[in-house]
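Below: one structure, written as structure tokens.
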Amino acid sequence: GYHGIETLFQRLALHDVVRVQVSDAPSTLTCHGPTMPAAGLGPVEQNLAWRAAAAYTTAAGWHTGWQIDIEKHIPVGGGLGGGSADAAAVLRALEAQ
């Protein structure tokens, strides 16, 4: 199922806005913005940002919820690494708590 790829790195003035809050409220993930597909992104449990938060809080032994809000500007599925970058931003935000 894998295929070869050619990669080109280019600096772009394109970014998503990721906000993370930790609280006793249930964990949530909301995604919105101009590049969101009409059908959405699928189940939140499969989202890389959600998976990063779940893995982090489990590894850290946190028994708390988190609220992640992602404003999408990086095209979904465009091969630009938006999902991975969002997950990394979530990990940095949680580490700063």
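Tabulated results
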| quantity | calculated |
| --- | --- |
| From ALA54, ALA93, ALA59, residue being loosely packed, with under 12 Cβ neighbours inside 10 Å and of a type in the set (A, V, I, L, M, F, W, C) | ALA59 |
| Qualifying residue in segment 12-24 (condition: assigned to a loop (DSSP other than H, G, I, E, B), surrounded by 10 or more Cβ atoms within 10 Å (Cβ to Cβ), modelled with pLDDT under 95 and small (Gly, Ala, Ser)) | no |
| Segment 25-38 - residue that is open to solvent by less than 100 Å² (accessible area, probe 1.4 Å), part of a loop (DSSP other than H, G, I, E, B) and of a type in the set (A, V, I, L, M, F, W, C) and, of those, farthest from GLY81 (Cα to Cα) | ALA25 |
| Inter-residue pairs, beta-carbon under 6 Å, first at negative phi and of a type in the set (Asp, Glu) and in segment 56-79, second open to solvent by 60 Å² or more (accessible area, probe 1.4 Å) and not in a loop (DSSP other than H, G, I, E, B), 6+ apart | ASP69/ARG19; ASP69/THR30 |
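The values are calculated or read from the model by the stated rules, or taken from the named source; none is laboratory data. All of these numbers come straight from a predicted model, not from anything done at the bench. Cβ sites come from the backbone with ideal geometry, for glycine too, and all protein chains shown count toward neighbours. The accessibility values were calculated without ligands, DNA or RNA, using every heavy atom of the protein model including side chains. Shrake-Rupley method; radii C 1.70, N 1.55, O 1.52, S 1.80 Å.
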